[in-house]
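Participant: Have a look at this one before I ask anything.
None of the figures in this text is laboratory data; all of them are computed from the coordinates on show. Quick caveat: nothing in here was measured; it's all calculated off a predicted structure. Here the Cβ positions follow ideal geometry from the backbone for every residue, glycine too, while neighbour counts run over all protein chains shown.
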Amino acid sequence: MKQKATIEVAAAQAKTTTKERVRYDKKAESEFFVDNSALAGFTTERILYMAVRELIENSLDSCEIEHILPWLSLSLKMLDSANDLWTITCEDNGIGVPSDKVPVAVCSFLTSGKYVEKQQRGLFGVGLKMIAAFSTKDTIHPLKVWSKSLDEGSEQYFELRTDISTNKPIVLAKKAVKGEESRIAGDSGFRVEAVLHAKLSPITRNNIKSKINEYISQTSVVNPYAIIEYETDEGKVTFDRRTEVMPQPAKEVLPHPADMDLQTLKKAIMNYMNNKTTLQGVLSASFQKMSSEKAKDIISNAGVENKPADKYSENELIEIVKICKHTPFQQANTDHLSPIGEEILTTGMTSEYTIVTTKEIVPAAEGTTAPEAHRPQIAVKILKPSLTAYASRTCVINNRPTIVECGIAYGGDIPSFKLYRFANKIPLLYDEGSDVAREVVSEVEINKMGITKKEAKEQFANGVVRSDRAVELLPLHVFFHICSTKIPYKTAGKESIASEGELKKYMKYCLSELYRKVSAQIRKELRMKDAASRLNLYKYYIPLVVSAISESIKVDSAKLEQAFTDLAERHVKVEQLANAPAAEKEDKITSKRLEEEVEEAVEIDGEVIKPDREQIAINAARKKGKLSKPKGKKEKMSEMMQKDEKQATLDKVAEEDKPSKGMKK
């Protein structure tokens, strides 16, 4: 028995050590992205947020490609609370999609009209497909699509689902619609309606709603030329069009040779396969900044012959790529980029729309003792700052032209500090702490505004904002926009930007320039606050001084108090010059203009006040280092004049008071 048991154990061990055959299977693109939805940002918590984001981006791209002033309508409502089903609908007045391309464009992953060398919001052809795939996977409801392309002019209706295992669309219904069945009113447009499953806890639901509201609000800041309508179970809001100026559309351009790789070169050769063109001709025709002579030199330096392009081996093509990497070329043009621009961003900053949630009181039904209910209601609030400024820089990051834009809005209705981040006009709301913009704000010193950290904490600190960073105490909104065909995102979720190459340096340049532009306004406010503080201090002590004087001298207390008040106001009147209205465009401040404004006379309460030219000269000399301190004699004279003025005021009040009391000498 013992020997038999030993044989069985040995057989079992031999069986477990037998190697299994490895199976090699192929996944469809749709199956891969559904299984790894986090790569596209479609996690369980963010599915509604990502759906809103993708639909808005597609709508804006569809309009801007033909320079159409955008109008889009978005609706997000609960369909079935018991099963956590939501209905999301988005409609726009863009160019639409040709009817024969609609099923593939909506349902087939990695199929897009955006695989070209130009800046666009969407790049990978995944967003709308993820919505279709999740709708297919989690619900029985088909994806409904209405499309009216510019080329066809007729409206088509589709009911679609995605075959996730094959990455192919399933067309359940297709028909031309007109009349009452039509949903698109304009000459062209696109409408999509999907049902999504999103199981959210109450806390997560409120957080996601807040993020969606914030995303739409920030989208309107950088797209003030668009009308955006947004409807939820909590109401409907509209973001009005504030300008009809649109950015110049991005143009498709040839790739730059400095960014060449083997795949790009092979693709260029395939495009000329039927023409029997030499490699020199392919290079000069397929890449920008590549002349025929330059192409000839590159082939020569690579040590290969100039022959028909299809006759080169892969090793020879690799040598061509290596030479291109080390060859200096002219800087790539930026026609394929479409920045926001100063006029548009300034318009968005000066009338910043934001969604706020209020509590609407719902009265109790008659005849019941139930208390009044409070129902959330969304509304639009417009923030108007007192000052805006704009700066931009063009640089090359990872061999690709990149435009850095920065805006700043200060004061007015702005309550506190806030950082806005955009990439190709897309708001970035998550992972702010790891973004390069946060690093830039932390590293650029606040003293470039003309104030110290101590002054910022003393003048702007409040109980609401708790931060060790002085800049976060200011009523300031900072906007960063990175514009490129290849944004250096840190993660696949595309929510934070990495500090690649010299990107941070150019962002610092922009922010430092803007800090200097707003410094004049901030110094004005600090002087005004200081003047008001001193005047309040004087007015606090004046009644005490008058009371003490009236005990020893018989004077009219009211007249004496008014006289002292007038004296105090004249004493701080120079500080009140800061109340003069600022120019409309404070972002045009220059040192020359500031000097001219300082020397201008100002009329206050009918009295013309001119600056002390001698003091201006002293200050100018001190700036140049010619004087280390003001003259002591002048200080003493000033103090004596102030004492004489106070004594004269007392004498005048006393003289006026004597006749009124009927006193005799």
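Participant: Between the alpha-carbon centers of segment 48-96 and segment 207-223, tell me the distance in whole angstrom.
Facilitator: Going from one Cα centre to the other spans 13 Å.
Participant: Provide the net charge surrounding Q218, with neighbours chosen by a C-beta distance below 12 Å and charges set as Lys +1, Arg +1, Asp -1, Glu -1.
Facilitator: Net local charge, Q218 excluded: +3.
Participant: What value does segment 257-325 have for Rg/Rh, both radii from Cα atoms and Rh as Kirkwood defines it?
Facilitator: Rounded to two decimals, Rg/Rh equals 0.89.
Participant: For segment 29-239, what ratio Rg/Rh do Cα atoms give with a Kirkwood hydrodynamic radius?
Facilitator: 0.93
Participant: Over 27 Å between Cα atoms: which of K148/K490; K209/K359; K26/K486 fall into that group?
Facilitator: Over 27 Å apart, Cα to Cα: K148/K490; K26/K486.
Participant: Round to the nearest 0.05 the FRET efficiency obtained for E443 and K418 when R0 = 22 Å and r is the Cβ-Cβ distance.
Facilitator: So the FRET efficiency works out to roughly 0.75.
Participant: Testing the spin-label approximation: label points 7 Å from Cα along Cα→Cβ at Q331 and R205. State their distance in nm.
Facilitator: Here the answer is 5.3 nm between the modelled labels.
Participant: Would you kindly state how much longer the chain becomes between I318 and K505 on full extension, computed as 0.36 nm times their sequence separation minus their alpha carbon distance, in nm to one decimal?
Facilitator: This chain segment gains 64.0 nm when fully extended.
Participant: How much FRET efficiency would the formula 1/(1 + (r/R0)^6) give for K307 and T43, where r is the Cβ-Cβ distance and R0 is 51 Å, rounded to 0.05?
Facilitator: 0.45
Participant: Calculate the length of the line joining the C-alpha centroid of segment 520-575 to that of segment 294-312, in whole Å.
Facilitator: Comparing the Cα centres of segment 520-575 and segment 294-312, I get a distance of 86 Å.
Participant: Taking the Cβ of T204 as the center, what net charge do the other residues with Cβ under 12 Å away carry, scoring Lys and Arg +1 and Asp and Glu -1?
Facilitator: Residues close to T204 contribute a combined charge of +3.
Participant: Could I ask something else about it? Fewest Cβ neighbours within 10 Å first, please rank S165, S351, S392 accordingly.
Facilitator: Ranking S165, S351, S392 by Cβ neighbours within 10 Å, fewest first, gives S165, S351, S392.
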